[in-house]
1. Considering only residues that are in a loop (DSSP other than H, G, I, E, B) and of a type in the set (Lys, Arg), look in segment 127-166 and name the one that is farthest from Ala66 (Cα to Cα).
2. Give segment 170-210 a look and list any residue that's surrounded by fewer than 20 Cβ atoms within 10 Å (Cβ to Cβ), among the small types (Gly, Ala, Ser) and within 21 Å of the chain's Cα centre (by Cα), or say none.
3. Only one of Leu93, Leu76, Leu133 is aliphatic (A, V, I, L, M), over 12 Å from the mean Cα position of the chain (by Cα) and within 30 Å of Arg47 (Cα to Cα). Can you tell me which?
4. Out of (1) surrounded by 16 or more Cβ atoms within 10 Å (Cβ to Cβ); (2) out of contact with any Ser or Thr (no Cβ under 8 Å at 6 or more places or on another chain); (3) of a type outside the set (Phe, Trp, Tyr), what's the single condition that is false for Gly107?
5. Working carefully through the options Gly202, Gly188, find the one that is free of Cβ contacts under 8 Å to residues at least 24 places away in the same chain and touching a helix residue (DSSP H, G or I) at 6+ places or on another chain (Cβ under 9 Å).
6. Please go through (1) of a type in the set (Ser, Thr, Tyr); (2) in a loop (DSSP other than H, G, I, E, B); (3) more than 26 Å from Pro196 (Cβ to Cβ) for Ser70 and return the number of the only condition it doesn't satisfy.
7. Filter segment 169-205 for residues that are among the aliphatic types (A, V, I, L, M) and either in a strand (DSSP E or B) or under 25 Å from Glu54 (Cβ atoms) (or both) and give the result.
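The values are calculated or read from the model by the stated rules, or taken from the named source; none is laboratory data. Everything numeric here is computed off the predicted structure, so don't read it as measured data. Please note: Cβ atoms are built from the backbone with ideal geometry, for glycine as well, and neighbour counts cover all protein chains shown.
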Amino acid sequence: MSAPAQTSSGLPRDTSDQPPLKIFVHKTLVYRLCRGGVWLYLKLRNRMRVEGREQVPAEGGALIVANHQSVLDIPLMAASTSRHISFVARKSLAKSWLLGFIMRQCGAVLIDRGAGDRTAMREMVEHLTRGDLVAIFPEGTRTQDGSVGEFKRGALLAARKAKVPLLPASINGSFGIWPRTQKFPGRGRISVRYSPLLPADGENALSGVRSAVVAGVCPTSGPSR
């Protein structure tokens with residue numbers, strides 16, 4: 001069976017050096033186990049709260065655009081909805097065999113930060129066109145002080161190619177519980193707030209989704225102990 005000239009998203013497939021995409025757009029056993037574990041942990045230790053859950057589409061693709069406060073952000077978002085979410089994460093995080101196995105089994109998109117990673121872009125578009133949720137942190141790194149940084153240009157490219165909407169997500173409490181300067185997590189409340197869907201097209205799409213994210217972020221009180 002010969003490879004098609006294009007992926008299902010309409011992007012050209014370079015068969016000379018790129019293998020066919022193998023991605024998970026559903027909740028695997030590993031995903032279910034991890035999600036159940038972090039849901040229980042965040043509920044008991046950090047009194048996790050989810051606001052605007054009704055804004056998450058019941059089906060179909062959408063690009064979740066969130067602020068990045070700490071390493072708790074991915075577990076928080078995974079636990080916040082019953083839908084499968086594919087997270088975009090640094091490829092360097094998968095150097096650990098165990099973490100790499102978990103990330104791949106959960107359907108993460110691994111990207112080389114600071115480089116034009118066409119394979120990762122193809123994966124993101126494929127997830128979205130197959131009706132999956134994909135989550136990105138367009139600041140590119142965790143916050144230093146709890147504020148929301150500038151969003152990187154090109155952050156919405158996958159949504160535009162896949163013709164799916166943007167879902168703003170505002171994370172609160174994560175920075176106070178586990179800032180990047182702290183070795184272990186502290187205590188405190190953690191929450192994520194979803195805002196109404198926004199279109200990915202248009203000159204003001206990036207600033208518009210950032211404004212929606214910022215509007216839902218509460219002033220930080222600093223690290224907790």
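1. Quick first cut of segment 127-166, residues in a loop (DSSP other than H, G, I, E, B) only: 130-132, 137-156, 163-165.
Next, from what is left, pick out any that are of a type in the set (Lys, Arg): 130, 142, 152-153, 163.
Details: Arg130: 21, Arg142: 11, Lys152: 12, Arg153: 15, Lys163: 19 Å.
The qualifying residue farthest from Ala66 (Cα to Cα) is Arg130.
2. Ala205, Ser207, Gly208
3. Exactly one of Leu93, Leu76, Leu133 is aliphatic (A, V, I, L, M), over 12 Å from the mean Cα position of the chain (by Cα) and within 30 Å of Arg47 (Cα to Cα), namely Leu93.
4. Among (1) surrounded by 16 or more Cβ atoms within 10 Å (Cβ to Cβ); (2) out of contact with any Ser or Thr (no Cβ under 8 Å at 6 or more places or on another chain); (3) of a type outside the set (Phe, Trp, Tyr), the lone unmet condition for Gly107 is (2).
5. Gly202
6. (3)
7. Ala169, Ile171, Ile190, Val192, Leu197, Leu198, Ala200, Ala205
Rundown of residues vs (1) surrounded by fewer than 15 Cβ atoms within 10 Å (Cβ to Cβ); (2) in a loop (DSSP other than H, G, I, E, B); (3) out of contact with any helix residue (DSSP H, G or I) (no Cβ under 6 Å at 6 or more places or on another chain); (4) not hydrophobic (A, V, I, L, M, F, W, C), yes/no style:
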residue: Gly60; (1), (2), (3), (4): yes, yes, yes, yes
residue: Leu63; (1), (2), (3), (4): no, no, no, no
residue: Pro75; (1), (2), (3), (4): no, no, no, yes
residue: Arg83; (1), (2), (3), (4): no, yes, yes, yes
residue: Phe87; (1), (2), (3), (4): no, no, no, no
